[in-house]
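Readers should treat all values here as calculations from the given coordinates under stated rules, not as data from a laboratory. Note that this is a predicted model, so its numbers are computed, not measured. Please note: Cβ atoms are built from the backbone with ideal geometry, for glycine as well, and neighbour counts cover all protein chains shown.
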Amino acid sequence: MKTSILFILISCNLFAQVGINTPNPQDIFHVDGARDNPANGIPNAAQQANDLILSSTGNLGLGTTIPANKFHVVANTTSAGRFTLIDALQGTVDAPTLVLRNISPVATGNRTFLGFNNTGPTTGGANWGIGSIRTTTTEDFYMGNSLGATYIERFRITAAGNVGIGTNAPTAKLEISSGANGTSGLKFTNMNSASTPVANAAGLAVDATGNVVVEAVIQKARFKGSISTVSLPANNSSQTGPFTMLSYTESIDIGNNFVTNTFTAPRTGYYIVSANIVLVPSVDWNTSSNELYFDALVNGALTLANTNVFSVSTSTSVEGPSVSINGLVSMNAGQQLTIRGWMFNNNIARTIQTGRTFLSISEL
């Protein structure tokens, strides 16, 4: 029978340090996996890569002889899967593979984080941390970063499933706080004001509390009608009436804002008003002056006005005078617009051409 005896080199110094495969242990318990450490001095990074060490402070190091934490692992090769945890056959069991637990007394603000850092291979704090943060009664998911001092919160998912960016108390499924009044903090890189609109799509708006909502599709007010008033009454007094409030038969009334002779503004804003009046040609006009007045009024106040003043050579001259008004009118919601006309002539009623006299109102 052939017998082989494996000798393990164990080194003990005056401080009871134990070295396996090395006569030069760096702390209480030191294993040199490849037996490549120097007999004296500190192993270099390549020599430490295969070492395991237990420090006098109770820190365990793999790949390092100076573990800074309870479990400190350093890899020195850039290959996939440098750190691997293999779980038991778990299937669909609803249980975590790895658990990090903060055993401090329960208190708001307690944190259990995983940290990430690219500033050094062995030491230093973590620039980014993700994990759990304690609220008064629940645990939230947290992400934050440090710029050299304490962590600054950047992202949170509450126990209720609300996501907050820039806020630690989101009240909606997604709440973003830019930190500056008047700015949303939300940007779409590939969609802007020049993008082609999509048909059959509703717009988004922000309500008074900051919630993003589907904006109501407002059908702008539109009215068009032909005059139904037959004539302007006889009048022999210049500029004093009698005034006639003109009535119209509607052909278009989007929003149902017009009744007989009154348009009621559905919203505060600007409205384009266009109207005309054409009289049937007739005789018996005043040879010195005839005056046709045409006005638009908002709540009784004159807003638009025009006048056609003319004379005739003889009383037998045939005239069919006309006048129009066009303009932009500012109206508050609920205010009423009316159209009036009157005629100063030889005290004769004048017939209106109903087929050529119209009113249109368009909300901007």
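Taken about its Cα centre, segment 111-176 carries a charge dipole of roughly 20 debye when the Cβ of each Lys and Arg holds +1 and the Cβ of each Asp and Glu holds -1. Residue exposure proxy: 99, 298, 280, ordered by other Cβ atoms within 10 angstrom of their Cβ from fewest to most, comes out as 99, 280, 298. If you plug the beta carbon distance of residue 319 and residue 245 into 1/(1 + (r/R0)^6) with R0 = 25 Å, you get a FRET efficiency near 0.55. Shape of segment 111-176 from the C-alpha gyration tensor: prolate (a/c of 1.5 or more and a/b above b/c, with a ≥ b ≥ c the square roots of its eigenvalues). Across the chain, the volume of the C-alpha convex hull divided among the residues equals 288 Å³ per residue. A Förster radius of 25 Å combined with the Cβ-Cβ distance from residue 150 to residue 207 puts the calculated FRET efficiency at roughly 0.10. Given +1 at the Cβ of Lys and Arg, -1 at the Cβ of Asp and Glu and no other charges, the dipole of the chain around its Cα centre is 360 debye to the nearest 20. Note on residue 222 and residue 191: with the Förster distance fixed at 45 Å, the Cβ-Cβ geometry gives a FRET efficiency of about 0.90.
Since only 347, 126, 171 are under comparison, the one whose Cα sits farthest along the positive direction of the charge dipole of the chain, derived from C-beta charges on Lys, Arg, Asp and Glu, is 126. Shape annotation for segment 320-364: C-alpha extents along the principal axes are 41, 20, 15 Å, from largest to smallest.
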